[in-house]
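Q: Here's a structure for you.
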Amino acid sequence: MTLSSRRPAEPGDPIDSIETPSLLVDVDLIDENIRRMAVGAGSAGVALRPHAKSHKCAAIARRQIAAGAIGICCQKVSEAEAMVAGGIRDIYVSNEVIASRKLMRLAYLARHARISLAFDSSEGVTEASRCASAAGVVLEGLVELDLGDGRSGVAPGDAALNLARAIASADGLRFVGLQCYKAMAQHAATTADRRRISLSAAAIVAETVRLLADSGLACTIVTGGGTGSWSHEAGSGVYTEVQPGSYVFMDAYYGRIAGHDGTPFNEFEHSLTLLATVTSTPASGRAMVDAGSKALEIGYGGLPMVVDRPGTEYYEADDEHGRIRWSEGARPLLIGDRIRLIPGNCDPTVNLHDWLVGVRGGRVELVWPIDARGPGY
Ligand SMILES: *Cc1c(COP(=O)(O)O)cnc(C)c1O
């Protein structure tokens, strides 16, 4: 048995007996998040294709699809393989794939599922066409637009038109639309900021959609939007589909931006927490927990938030120690206490773990493998 095949708990166990550090998912809250997003996209008249890079877990993807999502997004081929193995039949890799070995693997997946992917280079188109033709399948292609985020994508306008033409005329590929994720909008400080950034990107997207239409290339899919901005893309009249990911869990990074009228962003519930144990109380007002940077990603999403302990703060992470302090008057932590932490950034935190422990009513209900975890290929 490898270390990672040892489950931290079994269905029916009380929460008190779960091994730490473990990621817990409140099943009622994740289902509520899944439902809210499906209802929100549905009432805005856009399709929902959640991003599976947040959970990397086929069981959660199946729940999203059961609630109305049309398919899922992945960021890489290894994720797409795990999702097809888990029964997902419509997968969009919202990223560029260049290596022929990877493109061949995607082409094989297209025998079992509808597979689409993003392009921003003619090299990518040539190679994908060769691999799809060799496998006797069709891959659907979207042109990724660079909307000023400093990431990938081609310039809107003529560059996008030329690449769309290349996809449309390539054997084994079918041009279906545009990838238009505006990363900068997601964590902008206020709802008004996010709306302004998203809608100015949508205006640029609309011009390219028109340019392509005038050249006989219909964009049946215009996709983008994340947890922070999805409602603005959905209401823009330009996008046909939204691709939010973090909403299933709602991390502390999203918890720190503002929603309407300056109140905290609360469209979704914090369903994901890390359960940790106090292992040491070396000085008054201070404790160590068994969850450091090998259990929590503490990069740009920031430090975790402590659940239900006002005045208590997780202030620093070592590899295997989390440093906690509390202010006077706060309830002191004692050796052996267990606390829950809302991770700073859910996606890379989930990637550090093998299991998600689904809890409801004080007990373990489900133990989900994080199928696509790890760096992957
Ligand atoms: C990360 C990502 C998403 C999802 O964003 P969230 O902020 O997690 O909702 C959607 N699309 C692309 C291309 C992404 O990289």
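Q: Return the residue satisfying two criteria in turn: it lies in the stretch 232-263 and is of a type in the set (S, T, Y) and buried (at least 21 other Cβ atoms within 10 Å of the Cβ), and of such residues it is nearest to the ligand (Cβ to nearest atom).
A: Just the residues of the stretch 232-263 that are of a type in the set (S, T, Y), to begin with: 236, 239-240, 246-247, 253-254, 263.
Going one step further and asking which of them are buried (at least 21 other Cβ atoms within 10 Å of the Cβ), we end up with 236, 239, 246-247, 253-254.
Details: S236: 16, Y239: 12, S246: 3, Y247: 6, Y253: 9, Y254: 7 Å.
Result: S246.
Q: Quick one: count up the residues across the stretch 264-284 that are out of contact with any Pro (no Cβ under 7 Å at 6 or more places or on another chain) and more than 16 Å from the ligand (Cβ to nearest atom). So that I can check it myself, show each step before the final result.
A: Taking the stretch 264-284 first, the residues out of contact with any Pro (no Cβ under 7 Å at 6 or more places or on another chain) are 264-271, 273, 277-284.
In the following step, the residues that additionally are more than 16 Å from the ligand (Cβ to nearest atom) were identified as 264, 273, 277-284.
Going through the stretch 264-284 one residue at a time, the tally reaches 10.
Q: Determine if the stretch 197-218 includes at least one residue that is in contact (Cβ under 8 Å) with a residue 60 or more places away in the chain, outside any helix (DSSP H, G or I) and either more than 16 Å from the ligand (Cβ to nearest atom) or surrounded by fewer than 19 Cβ atoms within 10 Å (Cβ to Cβ) (or both).
A: Within the stretch 197-218, the first condition is being in contact (Cβ under 8 Å) with a residue 60 or more places away in the chain, and the residues that meet it are 205, 208.
Among the residues that remain, those that are also outside any helix (DSSP H, G or I) are: none.
Looking for residues that are in contact (Cβ under 8 Å) with a residue 60 or more places away in the chain, outside any helix (DSSP H, G or I) and either more than 16 Å from the ligand (Cβ to nearest atom) or surrounded by fewer than 19 Cβ atoms within 10 Å (Cβ to Cβ) (or both), one finds none in the stretch 197-218, hence no.
Q: Report the residue count in the stretch 121-158 for those that are part of a helix (DSSP H, G or I) and over 18 Å from E207 (Cβ atoms). Working first, answer last.
A: Step one: list which residues in the stretch 121-158 are part of a helix (DSSP H, G or I), which gives 122-135, 158.
Pick out the ones that are also over 18 Å from E207 (Cβ atoms) and you get 122-135.
Total satisfying the criteria: 14.
Q: If you check G148, G157, which single one turns out to be at pLDDT 95 or above, surrounded by fewer than 20 Cβ atoms within 10 Å (Cβ to Cβ) and within 16 Å of the ligand (Cβ to nearest atom)?
A: Numbers: G157 fails: within 16 Å of the ligand (Cβ to nearest atom).
Among G148, G157, only G148 is at pLDDT 95 or above, surrounded by fewer than 20 Cβ atoms within 10 Å (Cβ to Cβ) and within 16 Å of the ligand (Cβ to nearest atom).
Q: Could you please give the count of residues in the stretch 38-52 that are surrounded by fewer than 24 Cβ atoms within 10 Å (Cβ to Cβ) and assigned to a helix (DSSP H, G or I)?
A: Looking only at that region, the number is 6.
Q: How many residues, within the stretch 53-104, are over 19 Å from D120 (Cα atoms), more than 16 Å from the ligand (Cβ to nearest atom) and either assigned to a helix (DSSP H, G or I) or in contact with a Ser or Thr (Cβ under 6 Å, 6 or more places away or on another chain) (or both)?
A: Counting residues in the stretch 53-104 that are over 19 Å from D120 (Cα atoms), more than 16 Å from the ligand (Cβ to nearest atom) and either assigned to a helix (DSSP H, G or I) or in contact with a Ser or Thr (Cβ under 6 Å, 6 or more places away or on another chain) (or both) gives 10.
Q: Which of (1) open to solvent by 10 Å² or more (accessible area, probe 1.4 Å); (2) in contact with a helix residue (DSSP H, G or I) (Cβ under 9 Å, 6 or more places away or on another chain) is the odd one out, the single condition E123 does not satisfy?
A: (2)
Q: Restricted to the stretch 162-196, and to residues that are among the basic types (K, R) and touching a residue at least 24 places away in the same chain (Cβ under 8 Å), which residue is farthest from the ligand (Cβ to nearest atom)?
A: Within the stretch 162-196, the first condition is being among the basic types (K, R), and the residues that meet it are 165, 174, 182, 194-196.
Subset that is touching a residue at least 24 places away in the same chain (Cβ under 8 Å): 165, 174, 182, 194-195.
Values: R165: 23, R174: 20, K182: 9, R194: 11, R195: 16 Å.
Filtering the stretch 162-196 for residues that are among the basic types (K, R) and touching a residue at least 24 places away in the same chain (Cβ under 8 Å), the one farthest from the ligand (Cβ to nearest atom) comes out as R165.
Q: Also: Go through the stretch 141-161 and report how many residues are within 20 Å of A213 (Cβ to Cβ) and touching a residue at least 40 places away in the same chain (Cβ under 8 Å).
A: 9
Q: Restricting to the stretch 299-341, count the residues that are out of contact with any Gly (no Cβ under 6 Å at 6 or more places or on another chain) and not basic (K, R). Full working, then the answer.
A: In the first step, residues of the stretch 299-341 are kept if they are out of contact with any Gly (no Cβ under 6 Å at 6 or more places or on another chain); the result is 299-300, 305-313, 315-316, 323-324, 328-329, 331-341.
Right, trim to not basic (K, R) and you get 299-300, 305-308, 310-313, 315-316, 324, 328-329, 332-337, 339, 341.
Summing the residues that are out of contact with any Gly (no Cβ under 6 Å at 6 or more places or on another chain) and not basic (K, R) in the stretch 299-341 gives 23.
Q: In the list V97, V93, V77, which residue meets the criterion of being touching a residue at least 60 places away in the same chain (Cβ under 8 Å), among the aliphatic types (A, V, I, L, M) and touching a strand residue (DSSP E or B) at 6+ places or on another chain (Cβ under 8 Å)? Explain how you work it out, then say what you get.
A: On the way: V97 fails: touching a residue at least 60 places away in the same chain (Cβ under 8 Å); V93 fails: touching a residue at least 60 places away in the same chain (Cβ under 8 Å).
Just one listed residue meets the conditions, V77.
Q: Right, next: Filter the stretch 343-377 for residues that are touching a Leu at 6+ places or on another chain (Cβ under 7 Å), of a type in the set (A, V, I, L, M) and not in a helix (DSSP H, G or I) and give the result.
A: Within the stretch 343-377, L356, V357, V359, I370 qualify.
Q: Another question, if that's okay. (1) surrounded by 20 or more Cβ atoms within 10 Å (Cβ to Cβ); (2) under 17 Å from the mean Cα position of the chain (by Cα); (3) part of a loop (DSSP other than H, G, I, E, B): which one isn't true of L333, the others all being true?
A: L333 satisfies every listed condition except (2).
The values are calculated or read from the model by the stated rules, or taken from the named source; none is laboratory data. This one's a predicted model, so the numbers in the text were calculated from it and none came from an experiment. So basically every Cβ, Gly included, is an ideal-geometry build from the backbone, and we count neighbours across all protein chains shown. Heads up: the accessible areas ignore ligands, DNA and RNA and are worked out on the full protein's heavy atoms, side chains in. Shrake-Rupley method; radii C 1.70, N 1.55, O 1.52, S 1.80 Å.
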